[in-house]
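Enquirer: Provided herewith is a single structure, encoded as structure tokens, for subsequent inquiry.
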Amino acid sequence: MDALFAADRSGPWDWFVDGGTLLVALVALAVSIASFWVAQRRATSDQAHSVSGWVSRDRRLHVLNASDAPVYQWHVVYRLGDTDLGRSSTRTIVPPGSENPPLTWSADVSAAFDRARDAASPDSRPETTDVAVEVHFTDASGRRWVRTVDGELRRARRP
């Protein structure tokens with residue numbers, strides 16, 4: 001057994017093998033860290049992808065959180081084409097796997113929609129279902145997101 005530890009390991013081949021072993025270990029560590037980072041990012045993005053919002057014919061706002069974690073500090077911006085009709089007040093939470101109880105539009109949003117509808121020509125008057133919402137929210141990891149009226153999801157700055 002002592003002969004094993006007493007062996008001369010000063011040859012170039014030994015240095016090459018030792019260096020190669022160290023390099024393989026460093027690459028494995030880097031791959032592990034990158035895999036962990038990608039998995040964490042994907043998990044957060046998966047939650048954000050599960051949040052949506054829409055308007056129904058009866059002028060009610062619906063926000064759905066189909067993920068398994070709550071979303072926080074959310075609000076929506078109502079849009080009719082390029083026109084910003086207003087925003088909802090900030091709400092605290094949408095529980096996981098549920099829809100927030102539908103909210104009636106505020107008087108300001110309703111009035112803005114009615115003005116836009118009255119200003120349109122009779123053959124192109126918008127319906128309530130033409131109103132889209134941009135959902136702003138914070139995921140369970142504390143990251144801010146915006147679901148645009150086109151359905152695109154993007155990171156947002158803190159309010």
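Enquirer: Show me 134-142, 105-113 ranked by packing, highest mean number of other Cβ atoms within 10 Å first.
Expert: 134-142, 105-113
Enquirer: Among S67, A112, S56, which residue has its Cα positioned farthest towards the positive end of the charge dipole of segment 50-155, with +1 placed on the Cβ of Lys and Arg, -1 on the Cβ of Asp and Glu, and the dipole taken about the Cα centre?
Expert: S67
Enquirer: Oh, and also: Along segment 128-138, what does the Karplus equation 6.51 cos²θ - 1.76 cosθ + 1.60 (θ = phi - 60°) give for ³J(HN,Hα), rounded to whole Hz, x for Gly and Pro?
Expert: Result, ordered by residue: 4, 6, 7, 7, 10, 10, 9, 9, 10, 7, 10 Hz.
Enquirer: Taking every pair of distinct Cα atoms and averaging 1/r, then inverting, what Kirkwood hydrodynamic radius in Å comes out for segment 50-155?
Expert: Computed over segment 50-155, the radius equals 14.1 Å.
Any read-out appearing in this document is the output of simple, stated calculations on the displayed coordinates, not a laboratory observation. All figures in this text were calculated on a predicted structure; none of them were measured in a lab. Cβ: placed from backbone, ideal geometry, glycine included. Neighbour counts: every protein chain shown.
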